[in-house]
Amino acid sequence: MRATRTTRTTRPTRLTRPTRPVRPIRLTRTLGALLLVAATGAFTMGVASAGHAEPRRAATPLDQVIPAPASVKAGGTPYRITSGTRIRVDDSPEVRRIGTYLADILRPSTGYRLPLTTQGDGGIRLRLAKGPFGAEGYRLDSGAEGVTITAQEPAGLFHGVQTLRQLLPAAVEKKSVQPGPWLVAGGTIQDRPRFAYRGAMLDVARHFFTVEQVKRYIDELALYKINKLHLHLSDDQGWRIAVDSWPRLATYGGSTQVGGGPGGHYTKADYQEIVRYAASRHLEVVPEIDMPGHTNAALASYAELNCDGVAPPLYTGTKVGFSSLCVNKEITYDFVDDVIREVAALTPGRHLHIGGDEAHSTSPEDYAAFMNRVQPVVARYGKTVIGWHQLTGAGPAKGALAQYWGLDSTSAAEKAQVARAARNGTKLILSPADRVYLDMKYTKDTPLGLAWAGYVEVQRSYDWNPGGYLPDVPESAVLGVEAPLWTETLSTSAHLDTMAFPRLPGAAELGWSPAATHDWDTYKVRLAAQAPRWDALGIGYYRSPQVPWPAA
Ligand code: TNX
C-alpha cells in the first residue's frame with residue numbers, strides 16, 4: 001500500500017543567517033608552495049592542483065560541517081597539524097579516552113605520532129571546564145598555535161572531536177598515510193544541540209546484524225552526533241537477545257530471519273559489548289522488545305504464550321500485524337516481567353522501548369489493558385517507557401515517551417490524539433515515516449527498501465521542521481528526532497549504508513542544529529562535501545540527483 005502524499009510542510013523561514021566568514025581570503029599558490037596572504041578570514045579557493053606532490057588544500061570553512069554548528073565566528077590563522085603536534089588532555093580517564101579516540105583517527109592518515117600529554121602549550125587540546133555548554137555542547141577555538149575543544153561534559157568533547165574531524169580533509173579518514181597539509185580553519189565554533197534525543201534505530205530482528213556490523217553503524221552515527229541507538233530486538237521474524245529465564249526465545253526464536261536465513265542472536269556478553277562500544281561513542285542503547293504485536297518469534301518459541309496453547313511456526317515473510325501475545329493469560333505477564341527485568345539489567349541507559357505498534361490483532365480495549373499493565377513493569381525496573389505513538393491511544397504512563405511514525409497524510413484525528421498526549425505531558429520523539437524512515441526507497445528505481453510511506457528523496461527527508469511538524473504540538477513537547485532503519489529488504493552493511501546515506505546526516509542535523517540554520521540550498525552543498533569522506537570510510541551512498549556531488 002502506498003499512502004498518497006498530500007501537502008508538504010513548508011520550510012520554516014530562515015530567521016538569521018549562520019555566521020560566515022566576512023570575506024573568503026585567498027590562498028595563493030606560487031611555484032608549488034602555499035603562501036598564506038590572509039590576515040584574517042577563512043580559506044577557500046578553487047585552483048586545481050594536478051601534478052603536484054602536495055595537493056592544494058584549503059581549510060574547510062568552520063560552518064561547512066554536518067550538523068551545522070549553532071554559531072561560527074571565522075577568522076585568524078588556521079592551525080596546521082604537523083609531526084610535532086601533541087594531543088593535550090586533562091588528566092582524567094574520560095578525557096584521555098577521547099584523546100585516544102581522536103589519535104586513532106588521525107594517526108594512520110597523517111602518519112604522525114600525535115602523543116597524548118597533559119603538559120605544555122598549543123597542539124590539540126581537549127579540556128573540561130564550566131561554561132554555557134550543557135550536557136553535550138562544546139566550544140572549538142582554532143588559531144595558529146593550536147585547536148582547543150572545551151566542554152563541560154565528556155560528551156561535548158566527543159562531539160567537538162567530530163566537528164574537528166570534519167574540518168580536516170576527507171583523506172584524514174583513510175587508513176594509509178596521505179599527503180597533507182592538515183589545516184583547521186581559524187576561528188571559534190560554539191555549539192550545542194537543539195534536541196536532547198537524536199536517535200537512529202536499527203532493526204536487527206527482520207535481518208540479524210552481527211556485533212561487528214552494529215559497531216560499524218555506531219561509528220557512522222557518531223560522526224553526526226547521534227546520541228541514541230535504538231535496537232529493535234524482537235519481531236515476528238526473530239528474537240535477538242538472550243533471556244536466561246526463557247532461553248528458547250533466542251535459541252529457537254532467533255534461529256531464522258526474513259527469507260529464511262540462519263538469523264542469530266546476541267548473547268548477553270555480545271549485547272554488553274554493543275552497549276559498551278556505543279557508550280565509548282557517547283551513544284545510549286535503547287533496547288526495544290515489541291509487544292503485544294510483532295511477537296511471532298516468541299509465540300513460536302513457547303506454546304504456552306498462545307491463547308490456544310499451540311505454537312505457530314517460525315515466520316520468514318514480511319507481513320505485519322498478525323501476531324499478538326495472549327493479553328488475557330497470566331503467564332503473559334510473567335513472561336513480560338522476566339524479559340523486561342533481564343533486558344533492563346543489561347541497560348545502563350534510561351529508556352526501554354516496549355513497541356506497541358500495529359497490534360492489529362488485539363482489540364483496542366485489550367491493547368489498552370495490556371499497555372497499562374506493562375508500563376509499570378518498566379518503571380519497576382527503573383526505566384522510562386518509550387512506545388510507538390499508538391501508545392497515546394492507550395494512556396501513556398507519567399514520563400513515558402511516544403515515538404511518532406505517521407505521515408503528512410496521517411488522519412487529523414490520529415495527530416490530534418498525539419497532540420493531546422503531548423499536552424498532558426508525554427514527550428515526543430519524531431520519526432515521520434515519509435521523512436526519516438531510512439528504509440523507504442528514494443525513488444521508484446531504488447533497488448532496496450519499501451515504499452508504503454512513499455518515496456523519500458534526500459530533500460524531502462531533510463526539509464521539515466521537528467519543532468513545528470505536528471499540529472498543536474509545541475517544540476517544547478518534542479524531545480527529539482529518530483531515523484529508523486527497518487530491514488525487511490536489507491541484510492548487509494552495504495545495504496544499510498546505501499539507505500542511510502545520504503539521509504541519515506539530514507536527520508542528525510534536524511536533531512542538532514538550530515532552526516535558523518535550516519536551509520536546503522546551503523545544506524545540499526555541505527552534504528555534497530561529505531561524499532569524499534564516505535568514500536574514504538568505505539561507505540557507499542545513493543548519489544541523489546538533488547545533491548551537487550563532486551565528480552566521482
Ligand atoms: C512499520 S513503524 C513498522 C515496522 C515495519 C516498517 C517498515 C512501526 C512502528 N512498524 O514493523 O518494519 O513499517 O517500513
- Task: Considering each of Ala494, Ala516, Ala507 in turn, give the residue that is surrounded by fewer than 20 Cβ atoms within 10 Å (Cβ to Cβ) and within 30 Å of Gln417 (Cα to Cα).
- Result: Ala516
- Could you check Ala433 against (1) within 15 Å of the ligand (Cβ to nearest atom); (2) in contact with a Ser or Thr (Cβ under 6 Å, 6 or more places away or on another chain) and say which number it fails? (2)
- Every residue from region 53-110 that is charged (D, E, K, R) and closer than 30 Å to Thr522 by Cα: Glu54, Arg56, Arg57, Asp63, Lys73, Arg80
- Which one of these does Asp270 not meet: (1) more than 24 Å from Leu352 (Cα to Cα); (2) within 29 Å of the chain's Cα centre (by Cα); (3) part of a helix (DSSP H, G or I)? (1)
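So, Gln417, is that one among the polar types (S, T, N, Q) and either within 16 Å of the ligand (Cβ to nearest atom) or not in a helix (DSSP H, G or I) (or both) or not?
Spelling it out, Gln417 is indeed among the polar types (S, T, N, Q) and either within 16 Å of the ligand (Cβ to nearest atom) or not in a helix (DSSP H, G or I) (or both).
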- Message: Please go through (1) crowded, with 24+ Cβ neighbours inside 10 Å; (2) touching a residue at least 60 places away in the same chain (Cβ under 8 Å); (3) farther than 18 Å from Lys228 by Cα; (4) not basic (Lys, Arg) for Tyr367 and return the number of the only condition it doesn't satisfy.
- Response: (1)
- Counted residues, region 424-435 - those being assigned to a strand (DSSP E or B), farther than 25 Å from His495 by Cα and not β-branched (Val, Ile, Thr): 2
- Query: Within the group Leu438, Leu448, which residue is buried (at least 16 other Cβ atoms within 10 Å of the Cβ), part of a loop (DSSP other than H, G, I, E, B) and in contact (Cβ under 8 Å) with a residue 60 or more places away in the chain?
  - Reply: Leu438
- Note on the structure: Restricted to region 294-312 and to residues being assigned to a helix (DSSP H, G or I) and among the aliphatic types (A, V, I, L, M), the residue nearest to the ligand (Cβ to nearest atom) is Ala297
- Output for region 451-490, where each listed residue is within 14 Å of the ligand (Cβ to nearest atom) and in a loop (DSSP other than H, G, I, E, B): Ala451, Trp452, Ala453, Gly454, Tyr455, Val456, Trp486, Thr487, Glu488, Thr489, Leu490
- Note on the structure: Of the residues in region 529-552, those that are of a type in the set (Gly, Ala, Ser), surrounded by 17 or more Cβ atoms within 10 Å (Cβ to Cβ) and over 28 Å from Trp405 (Cβ atoms) come to Ala529, Ala531, Ala536
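With Tyr315, Tyr333, Tyr367 as the choices, which residue is assigned to a helix (DSSP H, G or I), within 16 Å of the ligand (Cβ to nearest atom) and not aliphatic (A, V, I, L, M)?
Every option except Tyr367 fails the conditions.
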- Message: Anything in region 282-334 that is under 34 Å from the mean Cα position of the chain (by Cα), small (Gly, Ala, Ser) and surrounded by fewer than 24 Cβ atoms within 10 Å (Cβ to Cβ)? List them, or say none.
- Response: Ser301, Gly317, Gly321
- Query: Is it fair to say Gly399 is under 19 Å from the mean Cα position of the chain (by Cα) and surrounded by fewer than 24 Cβ atoms within 10 Å (Cβ to Cβ)?
  - Reply: no
- Item | Sole residue being among the hydrophobic types (A, V, I, L, M, F, W, C), crowded, with 22+ Cβ neighbours inside 10 Å and in a loop (DSSP other than H, G, I, E, B), chosen from Phe133, Phe158 | Phe133
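Any read-out appearing in this document is the output of simple, stated calculations on the displayed coordinates, not a laboratory observation. All values derive from a computational prediction rather than experimental measurement. Cβ sites come from the backbone with ideal geometry, for glycine too, and all protein chains shown count toward neighbours.
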